[in-house]
Structure formats: C-alpha cells, structure tokens
Amino acid sequence: MMVKMPDEEFEALKSKLWRFMVEDIYPKERQYALECHEIGVRSNEWTSPPVLAPLKRKAKELGLWNLFLPVDSAALAGVQGAGLTNRQYAEVCEILGTSCHAEFAAQATNTTSPDTGNMEVLARYGTDEQRRRWLDPLLAGTIRSCFAMTEPNVASSDATNIGISIVRDEAAGEYVINGSKWWITGAGSLHCKIMILMGKTDPKASLYRQQSQILVPMDTPGITLLRPMLAFGDNDAPKGHMEISFEDVRVPFSNVLLGEGRGFEISQGRLGPGRIHHCMRMLGQAERALALMCKRVGERKAFGKLLAKFDTILQDVARSRCDIDTCRLLLHKAADMMDTRGNADPQTRQLLALVKAHVPLAVQTVVDRCIQAHGGMGVSQDVPLVQAFAAARTLRLAE
C-alpha cells in the first residue's frame with residue numbers, strides 16, 4: 001500500500017497549489033499561448049516558452065515540484081518524493097488541468113508527460129548510472145524526454161506488433177536500431193535529450209518476451225526527425241509529436257532497461273498510471289469549460305431572455321455536471337485500487353481500461369456542449385474550448 005500524505009498536510013498542499021494557479025498560472029495563460037503558437041513572437045517554437053522559467057523557480061520554492069513521484073519510486077531512486085498516493089495525485093492533477101492549456105501548469109511544476117512516466121521508469125527500473133545520467137536532470141527540469149513506442153506500419157495499440165529492429169553487435173558491444181516511429185510525444189522539443197525506445201530484440205522469443213526498452217540519447221547518429229505530426233492542424237509546439245527514422249543507430253548494451261525481453265513488464269508498470277494522469281488533467285479541463293459555459297449563459301441574451309433561462313441550456317449544464325462527477329468517481333476508484341491492490345492487479349487493470357475509455361469521451365461531450373453555448377465564440381481563439389475539445393478527442397486515440 002502506498003504511503004499517504006496526512007490529510008491536513010494534503011489540504012494545505014492543495015490550498016497552496018490553488019493560490020499558485022490563481023496568482024501565477026491563470027494570469028499568464030495568454031502569454032503562454034502567444035509564446036507557444038503565434039508567429040513572430042518567438043524565434044524558435046521548439047524551445048520552452050520564456051514564461052515558464054520564473055514559474056518553475058517559484059514552484060520549486062513553494063514545494064510544488066515533482067508532485068507525481070510517489071514515495072516508493074522515490075525511495076528506489078534515492079531522492080525525495082512528494083508522498084502522494086495515486087488518489088491524492090488525482091486531485092492535484094485535476095487542479096493543474098484547469099489551466100487553459102492542459103499542460104501549462106503541469107510544465108511549470110514538472111509533472112507533465114511523457115517525462116513523468118519516463119522518470120517513473122528510470123526510478124523503478126534504471127541502474128544507478130542510468131539514473132545519475134538521465135533521471136537527475138529530468139527531476140531537476142533541466143532536460144526533457146520522449147517515449148518511442150507507436151510505429152506507422154503496424155497497429156501499435158497491440159504492442160505485440162511493435163517491430164522496430166534492435167540487433168546485437170557482439171563485437172562492438174552495441175545494439176543497432178533500424179526502423180521508424182511516429183507520434184513520438186516530446187521529441188520535437190530542443191530540450192529533449194533522452195528517448196526510451198521499445199523495440200524487438202528477439203523475434204523468436206515467446207510473444208511477450210520479444211520486446212525490450214532501450215535508452216537512446218537524442219544526439220545519437222542515425223536519428224532523423226522527419227516531421228511533426230499535426231493533430232487537428234496543430235503541431236503542439238514546443239513539445240510536438242514527431243515521426244522519426246532510425247538508420248543504424250548504435251547504443252551500448254548498458255543502455256537496456258531491466259534486461260532484454262522485459263519491455264512488456266516495464267510497459268505494464270508505466271502505461272497504467274501514466275495514462276490515467278491524462279484523464280485526471282482532463283477533468284480539470286472539463287471543469288474549466290463548464291465554468292465558462294455557466295458564465296456565458298448567465299450573461300448572454302437571445303430572443304428576449306438570458307440563455308440560462310432556456311430549458312435546453314439548463315439540461316446541457318445539468319448533464320455536464322453529472323458527466324464530470326461520474327468521471328471523477330470512476331477515476332478516484334481506479335486510483336484507490338492502484339494504491340491498495342497495485343497496477344498489475346487484474347481488477348485494477350480492468351478499471352483503468354474503463355477510465356481511459358470513458359473519461360476522454362465524456363469530457364469531449366461536455367466541451368462540445370460548452371462550445372455550442374458560446375456560439376461562434378466557442379470555436380474562436382478567445383476561449384480555450386477548441387484546444388480542450390481537440391485534446392479530449394486525441395486522447396481517445398492515445399488511450
């Protein structure tokens with residue numbers, strides 16, 4: 001069972017986080033959006049927005065840093081963890097998700113994907129040297145990372161299809177990697193220095209022992225970033241989702257994680273908690289959207305009365321409130337089971353699958369109602385609803 005932060009301490013932490021959101025995150029949302037996306041504002045869209053640097057410093061000073069890292073993982077890595085259970089982190093993540101961009105506050109507190117999942121992997125499965133070289137700077141927020149799993153030529157939702165070639169060169173003591181990956185989140189950032197790559201080391205092994213996970217530094221010769229993949233026309237800079245080719249990419253045998261043939265074992269520990277973090281943040285996005293909707297319909301008049309007086313609007317608000325609360329109950333139950341029964345427990349895994357299937361669709365539906373209530377404004381740059389809708393729709397695929 002995971003170590004739980006005492007309730008009084010946790011409530012104080014949440015209060016501190018809410019103040020940080022109100023005083024530092026919400027007032028900077030427009031600046032963040034400008035620095036990420038608008039042409040001419042920044043000289044290079046693949047570097048971190050300048051607005052993040054002072055926010056990161058303040059988050060560290062306030063103790064709002066690396067909140068995702070539980071005590072058990074931290075102990076393995078020899079570092080200090082936040083002391084939050086998955087259930088507690090669900091509440092923290094939802095608060096972070098209320099920023100206009102789902103990952104703005106998460107970046108400011110070093111709790112964003114894919115870094116959180118990669119840090120957990122390194123903490124749980126990395127050697128002392130692997131942790132020193134890659135985990136320490138990730139925890140400090142001085143570098144970023146990516147996780148290379150999905151491939152363009154196979155249905156990668158079935159991970160047994162993952163087939164990028166990883167061949168041993170015994171004479172050189174190196175793995176040689178050839179093939180391609182796409183939708184590799186985080187690889188576009190110029191701060192991304194390390195990749196965890198899942199590929200096939202032994203095609204003749206049993207089905208779930210063919211794949212391994214390998215640490216591949218991004219400056220390794222033979223890696224080519226072919227293009228950013230656009231989701232609803234957005235390149236999601238500065239993080240990006242890249243298509244990558246690998247041509248005779250060489251890394252030493254010591255870069256394997258946990259051992260050859262243990263890629264599925266690592267993924268089982270990573271993708272359950274890692275994916276549910278997205279759903280946690282999505283609840284924050286849904287709450288933000290519903291708040292905008294309630295404000296809009298309470299101010300806007302049509303056909304001689306406030307929109308809030310129309311039965312159809314009231315029904316949409318009520319349905320949305322019900323959908324969000326239902327998602328929260330389901331998600332909190334899954335997080336509780338992760339804490340009490342573990343990620344690998346069959347019932348936990350089943351509930352995680354339900355959460356990952358249900359929450360993005362429910363949030364997409366809620367945001368769609370909020371867009372409708374805003375009329376043309378709902379699809380404009382003046383409210384963050386289009387971004388929330390696109391993120392929820394995209395997450396339905398990622399999950």
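Tabulated data
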read-out: Filtered residues of segment 237-258 (kept if of a type in the set (G, A, S) and modelled with pLDDT of 95 or more); value: S245, S254
read-out: Test: R168 is among the charged types (D, E, K, R), in contact with a helix residue (DSSP H, G or I) (Cβ under 9 Å, 6 or more places away or on another chain), farther than 30 Å from N66 by Cβ and not in a loop (DSSP other than H, G, I, E, B); value: yes
read-out: I39 vs. criteria at pLDDT 95 or above and either open to solvent by 20 Å² or more (accessible area, probe 1.4 Å) or in a helix (DSSP H, G or I) (or both); value: no
read-out: Qualifying residue in segment 346-367 (condition: of a type in the set (D, E, K, R), outside any helix (DSSP H, G or I) and surrounded by fewer than 20 Cβ atoms within 10 Å (Cβ to Cβ)); value: no
read-out: Condition broken by L190, with the remaining ones in (1) modelled with pLDDT of 95 or more; (2) within 29 Å of L69 (Cα to Cα); (3) open to solvent by 40 Å² or more (accessible area, probe 1.4 Å); (4) of a type outside the set (K, R) satisfied; value: (1)
read-out: Total residues in segment 133-147, condition surrounded by fewer than 20 Cβ atoms within 10 Å (Cβ to Cβ) and within 14 Å of P217 (Cβ to Cβ); value: 3
read-out: Residue within segment 200-210 that is assigned to a loop (DSSP other than H, G, I, E, B), among the acidic types (D, E) and closer than 30 Å to A123 by Cβ present; value: yes
read-out: Test: residue in segment 268-278 that is in contact with a His (Cβ under 7 Å, 6 or more places away or on another chain) and either at pLDDT below 95 or open to solvent by 10 Å² or more (accessible area, probe 1.4 Å) (or both); value: no
read-out: Qualifying residue in segment 305-320 (condition: modelled with pLDDT under 95 and either outside any helix (DSSP H, G or I) or open to solvent by 30 Å² or more (accessible area, probe 1.4 Å) (or both)); value: no
read-out: In segment 219-238, residue most open to solvent (accessible area, probe 1.4 Å) [restricted to those that are more than 15 Å from T394 (Cα to Cα), in contact with a Ser or Thr (Cβ under 9 Å, 6 or more places away or on another chain) and part of a loop (DSSP other than H, G, I, E, B)]; value: G222
read-out: Within segment 189-225, considering residues that are under 24 Å from the mean Cα position of the chain (by Cα) and of a type in the set (S, T, N, Q), the one farthest from S48 (Cα to Cα); value: Q211
read-out: Close pairs (7 angstrom Cβ cut-off, 6 or more residues apart or separate chains): modelled with pLDDT under 85 in segment 62-78, open to solvent by 10 Å² or more (accessible area, probe 1.4 Å) and assigned to a helix (DSSP H, G or I) anywhere; value: S73/E120; S73/R124; L76/R124; A77/R131
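The rows are residues; the columns are (1) under 24 Å from the mean Cα position of the chain (by Cα); (2) of a type in the set (A, V, I, L, M).
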position	(1), (2)
A289	yes, yes
F303	no, no
D339	yes, no
K356	yes, no
P360	yes, no
L385	yes, yes
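The values are calculated or read from the model by the stated rules, or taken from the named source; none is laboratory data. Computed from a prediction, not measured in an experiment: that's the story for all the values here. Glycine gets a Cβ as well: all are built from the backbone with ideal geometry, and neighbour counts include every protein chain shown. Note: accessible area is taken over every heavy atom of the protein model, side chains too, but ligands, DNA and RNA are not part of it. Shrake-Rupley method; radii C 1.70, N 1.55, O 1.52, S 1.80 Å.
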